[in-house]
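What follows is a set of notes on a single structure, which appears directly below.
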Amino acid sequence: MGSVAWIAGIGTAAGLAAGGCAYAAMWPGSRLFGDALIGPRRPGELALTFDDGPNPAWTPRLLETLTAYEIRATFFLLGSRAQAEPELVRRIAAAGHLIGNHSWSHPNLALTGRGRIREELVRTRSTLEDITGTAIRFFRPPFGARRPAALREARELGMMPVLWNAMTSDWKEPSGERIAASLTAKIDRLERRGWAANIVLHDGGHLDPGARRGPSVKAAGLLAARYAGTHRFVTVEGWALGEAAH
């Protein structure tokens, strides 16, 4: 029985270790694999961030919405999409929005070798900097997936890793109202706890360059209408020198 118990204990420990690694690799709030910027203790501040673009069908409509509310947002762009839409990237930058690196092809960096991680980040950074003429200083890992090598590579390339604390499955939700309602609940809960909100929406799709993002764009407009008069919208750059992430 002792050997059985020992084997069972080994199995339990292995399961806990695997679960801990999965948590560290995927959960936005985990710091086990290193710190990342999420949001400081500044209730009333909101960062709208958009992943997987630029999208020629929907990013221009999103930019119109942000301009109407005088909001500056953060766009984490895929290098492959940016290469295909350089004028749209320049339009994002010209509107005063912050552009960040979201990798070239959207791999799961928790399962990617260090050489490819560096290639993904370097190629995207170079493409974005060539298009915009501006240094790229922020990086969001696809799926939020990371491991120590991914975070080290980003920092060695001069980019701060950025995660989030408010997200829904907006890429598959057909109702902009439901997306906005879910995010509103998260934003208000964070505010009650004394935290700023780092909000993720998607203006693009890593599997489809023309992905339908009407609901996400509508949700962004609904959030802007709800909070523009009472809260401060910022880019993540405004938090870079702030407190530790939540």
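Taking region 126-181 as the range and being among the hydrophobic types (A, V, I, L, M, F, W, C) and within 16 Å of Ala82 (Cα to Cα) as the test, the residues that pass are Leu128, Ile131, Ala135, Ile136, Phe138, Phe139. Entry remark, region 188-215: residues being farther than 22 Å from His106 by Cβ and more than 16 Å from the chain's Cα centre (by Cα) number 8 in total.
Determine if region 160-178 includes at least one residue that is buried (at least 21 other Cβ atoms within 10 Å of the Cβ) and either free of Cβ contacts under 8 Å to residues at least 12 places away in the same chain or among the acidic types (Asp, Glu) (or both). Yes, the conditions are met somewhere in region 160-178. Comparison of Thr134, Thr67 shows that the only residue that is farther than 16 Å from Asn55 by Cβ and part of a helix (DSSP H, G or I) is Thr67.
Residues considered: Arg178, Arg152. Of these, the only one that is in a helix (DSSP H, G or I) and within 21 Å of Thr112 (Cβ to Cβ) is Arg152.
The residues in region 185-238 that are at pLDDT 95 or above and part of a helix (DSSP H, G or I) can be counted, and the count is 24. Looking at the structure I just gave you, is Pro28 in contact with a helix residue (DSSP H, G or I) (Cβ under 6 Å, 6 or more places away or on another chain), under 21 Å from Asp203 (Cα atoms) and either at pLDDT below 95 or of a type in the set (Ser, Thr, Tyr) (or both)? It is true that Pro28 is in contact with a helix residue (DSSP H, G or I) (Cβ under 6 Å, 6 or more places away or on another chain), under 21 Å from Asp203 (Cα atoms) and either at pLDDT below 95 or of a type in the set (Ser, Thr, Tyr) (or both).
The values are calculated or read from the model by the stated rules, or taken from the named source; none is laboratory data. Nothing here was measured: the structure is a model prediction, and the numbers come from that model. Cβ sites come from the backbone with ideal geometry, for glycine too, and all protein chains shown count toward neighbours.
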